[in-house]
Amino acid sequence: MSYYNQIAACYNELHLEEQLNKLSIIKNNIRINKTTKILDVGCGSGISSQFDCKVVGVDPSIRLIKQNPKHKIIGVAETLPFKNNQFDYVISVTSIHNFKNIKKSISEIKRVGKGNFVFSVLKKSGKFDFIKGLIQKNFKVGKVAEEDKDIIFFCKNHKLYI
């Protein structure tokens, strides 16, 4: 996390184009309206929070999150401070590989989501196969989109299919 605090001032300069490309892919593959509630886990400076609906961002980097114009909370994915089934969509764009406990984070993401989830996972991460396996185990994976640096998984909660 200190890495992201250190680069916060130039984060958007370094990652804006790449993150906007992922955001475009996500927006083209989900359905939202003005009343949709989205939780952006690992929201950083808020690039991935740019939706025309209610968005709440969570990130542990205080310097990055200060740049986020949306409603945001300093926090970690392993202990999300929200009620069960609170969000229509939970997204995590190129951040899951940074979570301290990925398995616990996925459990928390499932808990707070109503049933729609999007994970953008860095292809070159040494944890990619582990993360992909956890996503496939915990969610019904629908569409998978390949972006230059990430694979984007569009998922539903398994409980919706029981």
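Things worth noting here:
- Segment 93-111, residues that are of a type in the set (A, V, I, L, M) and surrounded by fewer than 19 Cβ atoms within 10 Å (Cβ to Cβ): 102
- Residue within segment 32-46 that is acidic (Asp, Glu) and either surrounded by fewer than 18 Cβ atoms within 10 Å (Cβ to Cβ) or not in a strand (DSSP E or B) (or both) present: no
- Check on residue 117, aromatic (Phe, Trp, Tyr), more than 12 Å from the chain's Cα centre (by Cα) and closer than 17 Å to residue 36 by Cβ: no
- Among the helices (runs of 4 or more DSSP H) confined to segment 49-149, the ones with at least 3 residues that are over 21 Å from residue 25 (Cβ atoms) and basic (Lys, Arg) are located at 102-112.
- Pairs where the first residue, in segment 77-92, is farther than 22 Å from residue 20 by Cβ and open to solvent by 10 Å² or more (accessible area, probe 1.4 Å) and the second is assigned to a helix (DSSP H, G or I) and of a type in the set (Ser, Thr, Tyr), C-beta under 7 Å, 6+ apart: 78/105
- Set 146, 108: member being among the acidic types (Asp, Glu) and in contact with an Asp or Glu (Cβ under 8 Å, 6 or more places away or on another chain): 108
- When segment 147-162 is filtered for residues that are open to solvent by 90 Å² or more (accessible area, probe 1.4 Å) and either modelled with pLDDT of 95 or more or of a type in the set (Val, Ile, Thr) (or both), only 162 remains.
The values are calculated or read from the model by the stated rules, or taken from the named source; none is laboratory data. The model shown is predicted, which means the values in this text are computed figures rather than measured ones. Backbone-built Cβ (ideal geometry, glycine too); neighbour counts: all protein chains shown. Just the protein is used for accessible areas: all its heavy atoms, side chains included, with ligands, DNA and RNA removed. Shrake-Rupley method; radii C 1.70, N 1.55, O 1.52, S 1.80 Å.
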